[in-house]
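Okay, structure first, notes after.
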Amino acid sequence: YTVDAIVAGTDMRQRPWGFAQCLKEVLVKVSGDPKLRDDPRVAALTDHAGQFVASFDYVDLMAHLKKNDDQGSYDRPHRLTVHFAPEKIDAVLAQLGDAPWHGARPVIVPVLRIAGPKPPAYVLSAETPRGEEQRGSFVEAAREFGMTARFPSESELKGWHATAELFSPLLMPDR
């Protein structure tokens, strides 16, 4: 029931917007239902997102840099971490006809063929040096839904017959 948003400063100019973004994310993350992000009923709730907040704090993302002027001290990017009251979020989900997803969630193991502007194409593995940004993006997207991602090793991909030239991976066997 804790999520983050990047905001400019720590005053009230950005806090309501940050709370609203975090409310959408926590509802999706807790329920596992991505449709809630664009649900008009959720959009209506974001105007009053603060009523679901138990606590919040900020981290200055530029704390390691000296402040050069007065404006820089107010508009620096901060990570706003919002801790929502679980019982309130659960009640909102119930009103929306949804429920918290308790228990273990499946681990996503993507098998992806990457064919970009710089040849050659490749299958994304845990070891592929060129795939660092793709792995990071995928992990971040999974995190937004309360999921985790594990990338297959080169040997797993070989066993699944997943190569850039012949991309027809078999289903991963149940474990």
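The values are calculated or read from the model by the stated rules, or taken from the named source; none is laboratory data. Keep in mind it's a predicted model, so treat the numbers as computed, not measured. Positions of Cβ are generated from backbone atoms using ideal geometry, with glycine treated the same way; all protein chains shown enter the neighbour counts. Surface accessibility is based on the protein's heavy atoms, side chains included, excluding ligands, DNA and RNA. Shrake-Rupley method; radii C 1.70, N 1.55, O 1.52, S 1.80 Å.
Can you pull out every residue in the stretch 82-97 that is open to solvent by less than 50 Å² (accessible area, probe 1.4 Å) and either modelled with pLDDT under 95 or assigned to a strand (DSSP E or B) (or both)? Matches in the stretch 82-97: V82, F84.
With respect to H48, determine if the residue is surrounded by fewer than 15 Cβ atoms within 10 Å (Cβ to Cβ) and at pLDDT 85 or above. Before you say what the answer is, go through the steps one by one.
Values: surrounded by fewer than 15 Cβ atoms within 10 Å (Cβ to Cβ): yes; at pLDDT 85 or above: yes.
It is true that H48 is surrounded by fewer than 15 Cβ atoms within 10 Å (Cβ to Cβ) and at pLDDT 85 or above.
The residues in the stretch 1-38 that are charged (D, E, K, R), in contact (Cβ under 8 Å) with a residue 60 or more places away in the chain and assigned to a helix (DSSP H, G or I) can be counted, and the count is 3.
Please indicate, with yes or no, whether at least one residue in the stretch 58-80 is open to solvent by less than 50 Å² (accessible area, probe 1.4 Å), under 30 Å from R150 (Cβ atoms) and not charged (D, E, K, R).
Pass one, the stretch 58-80, residues open to solvent by less than 50 Å² (accessible area, probe 1.4 Å): 60, 72-73, 76-78, 80.
Checking which are under 30 Å from R150 (Cβ atoms) leaves us with 80.
Adding the requirement that they be not charged (D, E, K, R) leaves 80.
Within the stretch 58-80, one or more residues are open to solvent by less than 50 Å² (accessible area, probe 1.4 Å), under 30 Å from R150 (Cβ atoms) and not charged (D, E, K, R).
Looking only at residues that are over 25 Å from P86 (Cβ atoms) and free of Cβ contacts under 8 Å to residues at least 12 places away in the same chain in the stretch 102-117, which one is least open to solvent (accessible area, probe 1.4 Å)? Out of the qualifying residues, it is G116. If only residues of the stretch 119-134 that are at pLDDT 85 or above and assigned to a loop (DSSP other than H, G, I, E, B) are counted, the one that is surrounded by the fewest Cβ atoms within 10 Å (Cβ to Cβ) is P120.
Of all residues in the stretch 135-167, those that are under 30 Å from V28 (Cα atoms), more than 14 Å from the chain's Cα centre (by Cα), surrounded by 15 or more Cβ atoms within 10 Å (Cβ to Cβ) and without any contact (Cβ under 8 Å) to a residue 40 or more places away in the chain total 0. Restricting attention to the stretch 15-44, the residues that are at pLDDT below 90 and buried (at least 19 other Cβ atoms within 10 Å of the Cβ) total 0. Annotation note: of G146, G116, the sole residue that is closer than 30 Å to L36 by Cα and part of a loop (DSSP other than H, G, I, E, B) is G146.
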